[in-house]
Amino acid sequence: MKIAVIGTGYVGLVTGASLAHLGHQVVCIDVDKDKIMLLQSGGMPIWEPGLEDMIRDAELKGMLDYSTDASAAVSGSDAVFLTIGTPSSESGEADLSALWSAVHSIAPMLPDNGLLIIKSTVPSGTCEQIESYLRKRLPFSSRIAVAHNPEFLRQGSAVRDFLAPDRLVFGASSPEAYNRLEEIYAPIKSPKIRCGLSEAELIKCASNAFLAMKISYANMMSDLCDALGVSIDAVVEGMGLDRRIGSEFLSAGAGYGGSCFPKDLHALIALASREHLDMELLKATESINRQRIQIIIQKLETALGSLEDKTVTVYGLTFKPNTDDIRESPALRICSMLQEVGARIMVYDPVVTCLPELQVDLTVDMYAAATGSDCVVIVTDWDQFRHLDWGRLRQVMRSSYVLDARNMLDTAEMAVNCERYGLHYMSMGRPSITPDCPINNRAEMTIMT
Ligand SMILES: NC(=O)C1=CN([C@@H]2O[C@H](COP(=O)(O)OP(=O)(O)OC[C@H]3O[C@@H](n4cnc5c(N)ncnc54)[C@H](O)[C@@H]3O)[C@@H](O)[C@H]2O)C=CC1
Ligand SMILES: O=C(O)[C@H]1O[C@H](OP(=O)(O)OP(=O)(O)OC[C@H]2O[C@@H](n3ccc(=O)[nH]c3=O)[C@H](O)[C@@H]2O)[C@H](O)[C@@H](O)[C@@H]1O
């Protein structure tokens, strides 16, 4: 099929490349001329595992192209995907201005029998409004269909998630639209759900809100674990084995960030408030998430005393590992709060190596970033932090504290490192480890099969 993808960001580029990989002829379109020029000249605007190889392969086969001009690609298309950003507005509602601007500009280009597929995350009711706009605007509107096909990929595993999703959601109001979506995704064998436009929109927002709520639940429990001296690891492992609960998205730590959970929660709360509904559970989810940063600062102050004039090393800037995205990253909030309390900050991230707007020392070497430091705080769980040379780290540091704000390190291994190198290891909802205090055995759980 001939497919135009409008909006070549994280979702648009992955969607375009994956659809080309599945055998469709795809043109990715964006208003950002620099981005399109970069792609046309073989560059990559984002860093996402597996994406570049798939793009090069599709380009070689002549299945993937880029343009700033939507007209030819849209008018000759069997389907147009809209993958435009829907950020938070000041009121918390989704800002749909860029999406509507694209709808207005491509409406006259849509072919008779065309299919416009909204992939952006939008509040319930948006796609019906787009459909009725097109009906009024276009002469042959009865034969143009609108569909909503929300995207559930995660950054860092976007290609895998796109090609093997847990489910595909097809929201539409005509059999033709469902059938075309089935054709587009025919090679993907995941369960396919057919529903109305508004139901599809709500499936997406409710799913993100539920996942965020699960994370905040784990974080709330980790605070209780800290107070009781109990290990959150054993608690969530024991909870997660209950299939009704499941073990994913129960990792306690610095809280969720990224371009989606925070803004999708705001948008859902704002949508409900228009209907005079107070989404208390979601408000509590947000509040618990906000408190994570304060809790991290308190842990540092308990260990080091006043942070004024202390040097703190922040490991990880991105909102999660395996992406270069720093949108709404907890690390940025930790850096600004550390600055507020007068600490000097040194930062290392494996991918983000330059960020002029952040007034901190950013180095490209993990150990250089820790030199003279009073505490290393792991904020993003990049795999390479699992393989740190703890002896070398302790040698370059001024003091001996490590705060693992993602609970990514194995406590038994850290007990050995603490004893060997004189480190003090802290984490979130797990007993601290000091050089002279071996691991608390209550934290260990053995699963007998
Ligand atoms: N980032 C993610 O992991 C996921 C995002 N989503 C949703 O997908 C949507 C897109 O998100 P991202 O890809 O992260 O956004 P993004 O900000 O990375 O990309 C959006 C792109 O649209 C372009 N654009 C804006 N107006 C345009 C227009 N009129 N014509 C052509 N291009 C235009 C921008 O220049 C930008 O390149 C959002 O609704 C988001 O909530 C859904 C699932 C996952
Ligand atoms: O709508 C979206 O944009 C996407 O939002 C999330 O994907 P993403 O934000 O890319 O990444 P996640 O893996 O969900 O992580 C989000 C944040 O939660 C944090 N997190 C995740 C899991 C966990 O157990 N604990 C935790 O703190 C991560 O560190 C990260 O900051 C959803 O997982 C995707 O299904 C959805 O498509």
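The values are calculated or read from the model by the stated rules, or taken from the named source; none is laboratory data. Only a predicted model underlies this, so the values are computations on that prediction, with no experimental measurement involved. No Cβ is skipped: glycine too gets one built from the backbone with ideal geometry, and neighbour counts run over all protein chains shown. Just the protein is used for accessible areas: all its heavy atoms, side chains included, with ligands, DNA and RNA removed. Shrake-Rupley method; radii C 1.70, N 1.55, O 1.52, S 1.80 Å.
Odds and ends about this structure:
- Listed by first and then second residue, the pairs linking a residue in the range 193-218 that is more than 14 Å from residue 261 (Cα to Cα) and among the charged types (D, E, K, R) to a residue that is more than 7 Å from ligand 2 (Cβ to nearest atom) and open to solvent by 10 Å² or more (accessible area, probe 1.4 Å), with Cβ atoms under 6 Å apart and 6 or more places separating them unless they lie on different chains, are 194/178; 201/124.
- When residues of the range 237-259 are limited to those that are open to solvent by 50 Å² or more (accessible area, probe 1.4 Å) and among the hydrophobic types (A, V, I, L, M, F, W, C), the one farthest from ligand 1 (Cβ to nearest atom): 241
- Subset of the range 107-123 (residues that are modelled with pLDDT under 95 and surrounded by 21 or more Cβ atoms within 10 Å (Cβ to Cβ)): 110, 114
- Tally of residues being on the phi > 0 side of the Ramachandran plot and in contact with a Phe, Trp or Tyr (Cβ under 8 Å, 6 or more places away or on another chain) across the range 290-321: 1
- Test: residue 132 is away from ligand 2 (no atom under 16 Å from the Cβ), open to solvent by 30 Å² or more (accessible area, probe 1.4 Å) and under 16 Å from residue 197 (Cα atoms): yes
- Within the range 141-158, tally of residues that are farther than 18 Å from residue 193 by Cα and within 12 Å of ligand 1 (Cβ to nearest atom): 5
- Of residues in the range 73-106 being in contact (Cβ under 8 Å) with a residue 24 or more places away in the chain, of a type in the set (S, T, N, Q) and surrounded by fewer than 15 Cβ atoms within 10 Å (Cβ to Cβ), the one nearest to residue 11 (Cα to Cα): 105
- Remark: pairs (first residue in the range 302-318, within 20 Å of residue 356 (Cβ to Cβ); second residue of a type in the set (S, T, N, Q) and surrounded by fewer than 22 Cβ atoms within 10 Å (Cβ to Cβ); Cβ separation under 9 Å; 6+ apart in sequence or on different chains) = 313/371.
- Residue count for the range 149-172 satisfying the condition of being of a type in the set (A, V, I, L, M, F, W, C), open to solvent by 10 Å² or more (accessible area, probe 1.4 Å), more than 9 Å from ligand 2 (Cβ to nearest atom) and touching a residue at least 60 places away in the same chain (Cβ under 8 Å): 2.
- Residue count for the range 55-72 satisfying the condition of being in a helix (DSSP H, G or I) and open to solvent by less than 20 Å² (accessible area, probe 1.4 Å): 3.
- Among the residues of the range 3-12, those that are within 14 Å of ligand 2 (Cβ to nearest atom) and in contact with a strand residue (DSSP E or B) (Cβ under 7 Å, 6 or more places away or on another chain) comprise 7, 12.
- Applying a threshold of 7 Å to beta carbon distances and a minimum spacing of six or more residues, or different chains, the list of pairs starting in the range 228-253 at a residue that is part of a loop (DSSP other than H, G, I, E, B) and ending at one that is within 16 Å of ligand 1 (Cβ to nearest atom) reads 249/211; 249/215.
- Selection from the range 95-112 of residues that are within 16 Å of ligand 2 (Cβ to nearest atom) and touching a strand residue (DSSP E or B) at 6+ places or on another chain (Cβ under 7 Å): 95, 99
- Among residues of the range 356-365, those that are open to solvent by less than 70 Å² (accessible area, probe 1.4 Å) and either in contact with a Ser or Thr (Cβ under 9 Å, 6 or more places away or on another chain) or more than 25 Å from residue 292 (Cα to Cα) (or both), counted: 4
- Candidates are the residues of the range 191-211 that are more than 16 Å from ligand 2 (Cβ to nearest atom) and in a helix (DSSP H, G or I); the one that is surrounded by the most Cβ atoms within 10 Å (Cβ to Cβ) is 197.
- No other residue among 270, 177 is away from ligand 2 (no atom under 16 Å from the Cβ), open to solvent by 10 Å² or more (accessible area, probe 1.4 Å) and either part of a helix (DSSP H, G or I) or among the hydroxyl-bearing types (Ser, Thr, Tyr) (or both) apart from 270.
- Selection from the range 11-42 of residues that are more than 17 Å from residue 80 (Cα to Cα), open to solvent by 10 Å² or more (accessible area, probe 1.4 Å) and within 14 Å of ligand 1 (Cβ to nearest atom): 32, 33, 34, 35, 37, 38
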